Structures are given as structure tokens and as C-alpha cells.
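Novice: Take a look at the following structure, please.
None of the figures in this text is laboratory data; all of them are computed from the coordinates on show. Every value quoted in this text rests on a predicted model; they were computed, and no experiment measured them. Cβ coordinates were reconstructed from backbone atoms using ideal geometry, including for glycine residues, and neighbour counts include every protein chain displayed.
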Amino acid sequence: MGHGGGLLGARANPCITVRRDGAARAHAPTKWGMASARDIAADLLLRFDRKGERVSAGLDAARESMADHRERGLLTELAYGCVRRQGTLDALIASASTRPVHLLHASLRTALRLALYQVFFLDRVPSHAAVDHAVGWARGVAGPGRAGFVNGVARNLLRAIEGKARGTDQGRRDIPREDGTAIRMQRDVFPDPADGLGEHLAARYGMPLWLVERWLGAWGEARTLQILRAGIQRPPVTVRARIDRAELMAKLKERDIACDAGPGDTALCLADGEAAVQLTVRSGDAAVQDATSQRVAPAVAPTPGESVLDLCAAPGGKTLHLADLMGSGRIVACDVDAAKVALLEGLAERMGDIDYETVLLEPESKLPFAPESFDAILVDAPCSNTGVLRRRVEARWRLRPKDIASLVRIQAALLARCVPALKPGGRIVYSTCSLEAEENEALVEAFVASHPAFEAKVAFRAWPRENADGGFVAVLTHRP
């Protein structure tokens, strides 16, 4: 990792102009034009900071405009990485700035986050290139004076780098990285854990304080550290093999695509995600699906000839998995969003001998199915996403404490709506990608208490780890 020189301000990118709202935009024949990955990432991050616009919403369109797969990869890394480590980056900025981070102009926060992410977390990017771009971009968006502030703070932090951490962890000075290493600073940059463990961990691992304190209270320090360490990692690119996994691995290795067997019998972690996904998914040999998500459909235990309802089906990964397990029978896939239902309709050609139907539901209305229509119902409920925060990077900054109580009400209502459509002796499988007990065990207990004809069994609770996300599944069996 280079940390030396090159801190002189660069010229603003000639492909960038400044809008009245302060966001840098490309002025080339297409929306993104000739802008570099760094320019586009800065624009997306600025709009996320200023207006709360989802980084993911503009990322796909921007990637499509880029012919070079390396630039596409860098854009994705910068956009998602800066949001994932935003709390850590802001703690670094605060340690070197005379102004509170929340009072800085949004363009300054954006420029510094972008530069520092590359300096501390991307080994192959020269520090001078990262900082030069940030200074030039800030000059074009916010003016020369503010660009000088970016240069000064970045220079301050570069000078304070001691190097790769060696020996005992020094929590106030060591910046944790996803590979288990750390960059050690010459001075303290994080809060003293003796004054508040939650504040210390929230800053080091870039997670909202209220969420860290919630986990410390519920799970203790060791489990919370496991969750936080998983949260700073890039999520693995994982597929579910729809053919024999060993056969699929052999096909990929013939094409020099590195892959490793993941947890369970079907998960495959891909090193070259983009090329491997195109090869395996388009051929029908695999479907993109996290290893923990791959455990949900087997918990439904569908058998040939059964009728199964997938209540919250989009984007369809678990629906397709149900079909692969069944071979024949009936699946009804539902959602309340018309665009998502359209995605579900696209699965029809991959369903084989399954009698497949998609249904657009009215929110909170009675389900449009005859009583006792289904042998099994999957409720993959909307949730807080706390088990997949490394993957859904914006969720950690959007989630509020009150949201969990609101989600519990939605989840409980979904389960209650299913009951009339279930055949006697049937089963409802309830799943989330949440770690919160209120959305999982407590909700299942409350359901059984109000529906005594059901008995519940927790199929699994998964904590996020290197090669799989967090999640929860319970099977609610009707006793006729």
C-alpha cells in the first residue's frame, strides 16, 4: 500500500459540470459520458449524502455505460465500500478536522470519504492518485478554498499512518480491514472503549451506535464483534448449483474461473463474480443466491405434486429453488409491487414441469385464494436486514429503532393472513434475514400463542460469517 507524496491538487475532470444542487454530473453524450469510475462514484455518494438517494439505484445504469470491466469493478467497490465503511471514514475525518464532520459541506465529506477509502482499504490504488482525484473533484464541485480543506485533512491523515498493524491489537489506533489485518495510526483516532464500548466499536466498524449498543445488550461483546467483523467484508459472490456442484466446479475450472465450495451441498463461492455469474446463470446451471438463503427452501421440504405459496417471492431466488426441489406441482409466487411481479414472471421459462403462477397482491388485503389451497406457504418476510448489512450497505444508515417495531407488526400480519389458505396439516415456513429476536423467535412465539393449532420449530438461526449471511427460519406446522 503506497502512502507517499502526490498530494498536490489535480485539475477538475473536464467531463464534470456542477449542478445547482452541488452534485457533479457528466456532460457527455450519455448520462455518465466519459466520466471515470471515481467521478461517478463521487456523484452517487454525494446524492446519497445530500438527498438520501440510494447508491444502488444509479449504480446499475452507470455500470452499463462502462465498457471496461475493471472500471465497472472499481466503481462498484468505491460506491458500496464508502457507504459500508462510512462510519469509520467519518471517525478518521473527525480525528484530523477542526470542524465536526456533520457540519462539513456534503461535497467535502464525499471527497474525503472517497479518498480515504482508497488509501486505507484498497491496496492497489496509490494514495497520491486517490487524494489528487478527491482534491480536483472537490475543486470542481465546491471551489478552490474547500478543495484546500480536503487536501489538508487528507495530508494530515497520510502523515499519521504508521503502517500495517503488528502485534497486539491497539483498538484506538488500528483501523480494521476486511481481511483481518489493520492499518495502525501513530495517534489515537477512535474513542476510548473505557468511556463507552459501543461508541468505540461503532466508530471502528462503521455501524450506527444504537445498533451496536442493541447487539451488545442482546448478544454480548464476542457475538457483537463477530457481527461487526462480518459487516465490514465485501459480500461473497455465491451461486446455488442447479446441477451437481462438482460438475459445475469442473466446468468453471476448465475456463480458469476460480471457485470454492461454500457451506452445504449446493453453494459455490466465485472469485471472478461477473464472468462466472454470466456463464453459470445464463446457461441455467446455477442461480445467484447466498449460502444462508439456500437453506430456506429445503426447510419448506416441498414434495412433487404439492401446491406451494411463496408469499413475498421477489426477486425469485427461493421460488426457483422450491421448483428445483419439487420437480412437479404448483407454485404461486406473489408480491405487492408490480415491477417485482414482472421479475417473477421472467422465471416461468426456468420452472420445468411446475404449474407456475404469479399474483400481484393488494397490501394488507385478504389473500385472493380459496380456503385450504396450499400444502405449504413460505413467508420470506420484509425485515430489518441486520443479517445482511454488508450486502445491503445503505440499510444500516436508513434503519431506525422504531422501524423494528413497525416491521414486527407487518410480519405478524403476514403470518396471520396465511392461515386460512393453508390446508389442514400443512406448514408455514417463516424466514427473515434479520438478527433481531423481536422479528424472529419472539414473533414466532407470539404467533403460536395466538394460533394454538400450530406448533413451531426453529430450523436455524445463522450469524453472518465470511462465506454466508445471517438469517432465521422457523417451521410452523398445523395440527389438524
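Novice: May I ask you to list the trypsin sites (Lys or Arg not before Pro) in segment 362-414 that are in a DSSP loop and have at most 12 other Cβ atoms within 10 Å of their Cβ? Present the calculation step by step, with values, prior to reporting the outcome.
Specialist: Working: sites: 366, 390, 391, 392, 396, 398, 402, 409; in loops: 366, 390, 391, 392.
Listed in order of number, the matching sites are 366.
Novice: List the trypsin sites (Lys or Arg not before Pro) within segment 91-126 that DSSP assigns to loop and that have no more than 16 neighbouring Cβ atoms inside 10 Å.
Specialist: Values: sites: 109, 113, 124; in loops: 124.
Hits after loop and neighbour filter: 124.
Novice: Which net charge results when you count Lys and Arg as +1 and Asp and Glu as -1 among the other residues whose beta-carbon is under 11 Å from that of residue 201?
Specialist: Net charge in that neighbourhood comes out at -1.
Novice: Ok, one more. If the only charges are +1 at each Lys and Arg Cβ and -1 at each Asp and Glu Cβ, what is the size of the charge dipole of the chain around the Cα centre, to the nearest 20 debye? Mind dumping the intermediate values first?
Specialist: Numbers: 63 positive and 59 negative charges, 407 e Å.
Using Cβ point charges on Lys, Arg, Asp and Glu, the chain gives about 1960 debye.
Novice: Okay, next question. Pairs 366/423; 318/340; 253/340; 340/402; 366/402; 318/423: which exceed 23 Å Cα-Cα? Present the calculation step by step, with values, prior to reporting the outcome.
Specialist: Numbers: 366/423 17 Å; 318/340 14 Å; 253/340 34 Å; 340/402 26 Å; 366/402 26 Å; 318/423 21 Å.
Cα-Cα > 23 Å for 253/340; 340/402; 366/402; rest within.
Novice: Can you name the helices of the chain, as whole DSSP H runs, whose Cα span along the helix axis is 24 Å or more and whose Kyte-Doolittle mean is not below 0.5?
Specialist: Details: long enough: 401-418 (27 Å, 0.67).
Those that pass (Cα extent of 24 Å or more, hydropathy at least 0.5) are 401-418.
Novice: Net charge around residue 312, counting only other residues with Cβ within less than 12 Å of its Cβ (Lys, Arg = +1; Asp, Glu = -1)? Spell out each step's value before the answer.
Specialist: Numbers: positive: 318, 340, 417; negative: 310, 335, 337, 380.
Taking every Cβ under 12 Å from that of residue 312, the sum is -1.
Novice: Taking every alpha carbon pair in the chain, what does the distance histogram look like in 20 angstrom bins from 0, in percent?
Specialist: Taking all Cα pairs of the chain, the binned fractions are 22, 51, 25, 2 percent.
Novice: In the neighborhood of residue 115, defined by Cβ-to-Cβ distances under 12 Å, what is the net charge if each Lys or Arg adds +1 and each Asp or Glu adds -1? Don't skip to the end; give the middle numbers.
Specialist: Working: positive: 38, 109, 113, 155; negative: 132.
Surrounding charge for residue 115 is +3.
Novice: Moving to a separate point now. State which stretch of the chain is the longest one without any exposed GluC sites (Glu not before Pro), exposure meaning a DSSP loop state and at most 14 other Cβ atoms within 10 Å. Can you show the working numbers first?
Specialist: Values: sites that count: 364, 372, 466.
Answer from the scan: 1-363.
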